[in-house]
Amino acid sequence: MTKRILILLVVLGALTAAGQEKLSVFTVDAGYASVHDSYLTPITYDGLDLEMGYEFMRTLRSDKWLWHLQVGADYNYVENPARNNDIQLLMGDISFDMQRQWHNAIAHRVNLSVGPMTQLRAGIAYNEVNSNNPVSVRAHWNVGAAAMATLDTRMWRLPVTLRYQAQLPALGVFFAPEYDESYYEIYLGNHKNLAHLGWWGNRFDMTNYLGADLHLGKTILRIGYRSRLEHWSVNNLKVHDVTHSLVLGIGTK
């Protein structure tokens, strides 16, 4: 197993070294979050979404493939409609995709790409009012598709890249306890029916990003909008989280 991992790292390193163009951007998101977790409460809570992320893209030597890595951590502070109780949600994720590129696909300077992706996302939701079950654990691993469309243009004399990105997981595995099962029971050894096959019949996730990269020499200023939907329903439990956020970033190319 260790030998296979080393071989994979060497291959990925070789692909990275063979790149022609690269993009490296740090981002901060701020906006609105809606969280519904029936393990903690039957009520939907809404409030603040904050996220920090890092994105790295590099084209391979043939310029036909795009190597794309995203890492992020997001925090939601949401309250019930009466504003007398809150849920705090902390999540982290890493995703990787390889996309086939088509330059000048629809029109001049319009580039399209699509390819397979994989994502690992995990975290916890905390509601202090629930004395017996105050924590809901979130964890899932998915595979699916990623796509991107870009347009290179100018705003006056300033080069600008308009970009739309989407991630759409299709299959995976996710964690969910039984209805009304405490984590203390799981700790004592009740591990039955905790892992579930995720597909569009019981789980649907999607992330969309729309924005602009302003090119100031080798420095990039980013402004955009990101939405994330996470939904699953199993064991008579339901999670439905939605965020809408403004994205600001800075990076290099």
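The values are calculated or read from the model by the stated rules, or taken from the named source; none is laboratory data. Note that this is a predicted model, so its numbers are computed, not measured. Here the Cβ is made from the backbone with ideal geometry for all residues, glycine too, and neighbour counts use every protein chain on show.
Points to keep in mind about this one:
- Top-ranked residue in the range 24-45 [being under 21 Å from the mean Cα position of the chain (by Cα) and buried (at least 18 other Cβ atoms within 10 Å of the Cβ); ranked as farthest from GLN99 (Cα to Cα)]: TYR45
- Of ARG154, ARG163, all but one fail to be in a strand (DSSP E or B), basic (Lys, Arg) and in contact with a Ser or Thr (Cβ under 6 Å, 6 or more places away or on another chain); the exception is ARG163.
- Positions within the range 48-65 being farther than 14 Å from LYS253 by Cα and either at pLDDT below 95 or not in a strand (DSSP E or B) (or both), in sequence order: LEU60, ARG61, SER62, ASP63, LYS64, TRP65
- The residues in the range 51-75 that are touching a residue at least 40 places away in the same chain (Cβ under 8 Å) and among the aliphatic types (A, V, I, L, M) can be counted, and the count is 2.
- Condition broken by THR252, with the remaining ones in (1) free of Cβ contacts under 8 Å to residues at least 60 places away in the same chain; (2) loosely packed, with under 15 Cβ neighbours inside 10 Å satisfied: (1)
- Residue list for the range 66-79, restricted to those being modelled with pLDDT of 95 or more and either more than 19 Å from THR118 (Cα to Cα) or in contact with a helix residue (DSSP H, G or I) (Cβ under 8 Å, 6 or more places away or on another chain) (or both): TYR75, ASN76, TYR77, VAL78, GLU79
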